[in-house]
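The values are calculated or read from the model by the stated rules, or taken from the named source; none is laboratory data. All values derive from a computational prediction rather than experimental measurement. With ideal geometry, Cβ positions are generated from the backbone for all residues, glycine too; neighbour counts draw on all protein chains shown.
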Amino acid sequence: MIVKGSNRDLLLELIKKKVYLEGNVLKLIKAEKDDTEIADYLTTCKEKDTEARRKRLGITKQIQSQNKELIEADKANQALMRQISESLEQTKAAKEEADKAREEAEQLRDVAVTDLDTLQKKMQTELIGRIVRVSLIIICAVGLLTSALYVYVMAAGHDTKIVESTWSNLFGILLTNSFSIIGTIMGVKYATEKN
């Protein structure tokens, strides 16, 4: 398509307004052989079109590069979020295990305390039983010995007034002491209980 006549006048108006054609239309338009003004305009248009395309291509490449960087950053962000999520899950699991271990330790401690209390009570009961047996053996032995001595004095025909008062006092003391020992032991036993 060769520019002439009114079309040429329209292009000259575009030149004055510094408006340049661009794109595929430049391939279709040609100037007449002797029209240097339109030929120069079309050459300028082609140069500006080439430069504009190069700029657009540069911008497109820059945007594509930025998009690629954004996609890589998004992938890295998602990987980091997965790591954080896994780390939180591991921390939660570790906390649950620690809580479980603490509960088990507390249960074992309670069992140990109960066993210790039971053992202490058993040892106290055994000790009290021994003390009571030994005390009763001593009381019975002294009572029997004193009674045997009293019987011997009576059988031998000696004066029994001194032995009789001694025997009576001794039995009173033995009974008092036996009740005192048993009362003390029971008091200690009930005083050491928690309830």
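Figure legend. Inter-residue proximity from the range 29-42: first residues at negative phi, second residues surrounded by fewer than 12 Cβ atoms within 10 Å (Cβ to Cβ) and not charged (D, E, K, R), beta-carbon distance below 7 Å, spacing 6+ or different chains. Indicated pairs: Ile29/Met1; Lys30/Met1. Cβ-Cβ distances below 8 Å connect the following pairs, each with a first residue in the range 9-21 that is within 17 Å of Ala39 (Cβ to Cβ) and assigned by TED's automatic domain parsing to the domain that holds Thr43, a second residue that is assigned to a helix (DSSP H, G or I) and of a type in the set (S, T, N, Q), and a separation of six or more residues or different chains: Tyr20/Thr44.
State yes or no: is Asp49 part of a helix (DSSP H, G or I), touching a residue at least 12 places away in the same chain (Cβ under 8 Å) and surrounded by 10 or more Cβ atoms within 10 Å (Cβ to Cβ)? First the steps, then the outcome.
Values: part of a helix (DSSP H, G or I): yes; touching a residue at least 12 places away in the same chain (Cβ under 8 Å): yes; surrounded by 10 or more Cβ atoms within 10 Å (Cβ to Cβ): yes.
When the stated conditions are applied, Asp49 passes them.
Of all positions in the range 55-78, none carries a residue that is at pLDDT below 90, assigned to a helix (DSSP H, G or I), surrounded by 10 or more Cβ atoms within 10 Å (Cβ to Cβ) and among the β-branched types (Val, Ile, Thr).
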